[in-house]
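Have a look at the structure below before the remarks.
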Amino acid sequence: MSITQQRISSHILWATINRPEARNAIDFDVMDELEQLVESLEKGDEIRVFILSGAGRQSFVAGGDLKKFHTIQSKEKAVEMSKRMHDIFNRIERLPCWTVACINGDAYGGGIELMLAFDFRVSVPDAKFGFTQGRFYLVPGWGGLTRLVEKAGKAKALQWCGKAEILSASSVLAHGLIEHILKGEDLENEVLEWTEKLTKNDRKFIQTLKAGASRFSHQRTESLEAEVEPFAELWVDAEHIQRVEKFMSRKNDDSG
């Protein structure tokens, strides 16, 4: 299994993306298991807090697995993959429970797009955050640009994505991308302490509050959907393909 689950209590579920050998990068198996996990959370009636982390302390999620996704070689398939990830992230946003991304290590590219789909983000102090899609001649394609603009504003979103900057936890906290920096000494207990008060009200209350907070922008859905086409066009661009192949060649040389 690429995602392991631990029922902490009757109201708290903690899931872990368990691919430390690939820095917990998202591949097709992770996509399948995220869909199954989200479906179970939609249908259940007990979970009030859903927590997601990555395995280990090196990485939260290092984005999409370039080696696995490099098999996608047509624009149509790139659109299909992007739309599928949009659907997963949108469903996470709409869950009738609180969602908390526990950033246990570095988050890059699609890993940041994933964490931004959660209601709250808490991070270990030494985590690094990298909007690195541009290094591979890509723009965010899983809804991350829209959500980043919502959090940090247009200028910061363009700066971070345009420069493919690597940022510290304190930097992203200052711009509202995360809500809290943990001590990082006893990760599970620190996260559970932070989420404790979120369990006090039932899912009807949580769903009502979340729905109310999502009414502020009627154009948001259109903005999210508009990310798919530009992402897919760059996915099949020769420059993107060349950069990915160069990256994978370097990785193979390093491991050889």
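The values are calculated or read from the model by the stated rules, or taken from the named source; none is laboratory data. These figures come from a predicted structure and were not determined experimentally. Here the Cβ is made from the backbone with ideal geometry for all residues, glycine too, and neighbour counts use every protein chain on show. Only protein heavy atoms, including side chains, enter the accessible area calculation; ligands, DNA and RNA are left aside. Shrake-Rupley method; radii C 1.70, N 1.55, O 1.52, S 1.80 Å.
Could you give me the ³J(HN,Hα) list for the stretch 98-108, computed from phi with Karplus coefficients 6.51, -1.76, 1.60 and θ = phi - 60°, whole Hz, x at Gly and Pro?
Once θ is set to phi - 60°, the couplings for the stretch 98-108 become 6, 10, 10, 8, 8, 7, 7, x, 5, 10, 10 Hz.
Looking at the square roots a ≥ b ≥ c of the eigenvalues of the Cα gyration tensor of the stretch 157-256, which shape do they give, rounded for a/c under 1.5, prolate if a/b is larger than b/c, or oblate?
Oblate is the answer for the stretch 157-256, as a/c is 1.5 or above yet b/c matches or exceeds a/b.
If eta is 0.692 mPa s and T is 37 °C, what Stokes-Einstein diffusion coefficient results for the stretch 18-97, Kirkwood Rh from Cα pairs, in µm²/s?
Reported coefficient: 237 µm²/s.
What is the list of residues in the stretch 45-64 whose amide nitrogen lies under 19 Å from a point 7 angstrom out from the Cα of Glu35, following Cα to Cβ?
64
Taking the Cα centre as origin and putting +1 on Lys and Arg beta-carbons and -1 on Asp and Glu beta-carbons, what dipole magnitude results for the stretch 1-149, to the nearest 20 debye?
That gives a dipole near 400 debye.
First check a/c for the stretch 21-178, with a ≥ b ≥ c the square roots of the eigenvalues of its C-alpha gyration tensor; if it is under 1.5, answer rounded, and if not, answer prolate when a/b is larger than b/c or oblate otherwise.
Here the stretch 21-178 falls in the rounded category.
Put +1 on the Cβ of every Lys and Arg and -1 on every Asp and Glu Cβ in the stretch 160-256; which of Ile166, Ser249, Ala211 then has its Cα farthest towards the positive end of the dipole?
Looking along the dipole axis, the top candidate is Ala211.
If the label point is 7 Å along Cα→Cβ of Ala213, which residues in the stretch 69-111 have backbone nitrogen under 19 Å from it?
Counting only backbone N, you get 89-103.
Using a 1.4 angstrom probe, figure out how much accessible area the stretch 71-138 has per residue, in square angstrom, rounded to the nearest whole.
Per-residue value: 32 Å².
Taking the highest mean first, how do the peptides 94-102, 240-248 order by number of other beta carbon atoms within 10 angstrom per residue?
94-102, 240-248
Could you look at the chain and say what percent of its accessible area is carbon and sulfur, using a 1.4 Å probe and all protein chains?
That share works out to 50 percent.
I'd like the Karplus ³J(HN,Hα) series for the stretch 217-232: coefficients 6.51, -1.76, 1.60, θ = phi - 60°, whole numbers in Hz, and an x wherever there's a Gly or Pro.
9, 7, 8, 4, 4, 5, 5, 5, 5, 5, 6, 5, 5, x, 4, 5
Return the distance in nm (one decimal) between the two label points of a simple spin-label model at Ser74 and Asn90, each offset 7 Å from Cα along Cα→Cβ.
Taking the simple label geometry, Ser74 and Asn90 are separated by 2.3 nm.
Sort 176-184, 135-143, 112-120 for me by packing, meaning the mean count of neighbouring Cβ atoms within 10 Å per residue, highest on top.
112-120, 135-143, 176-184
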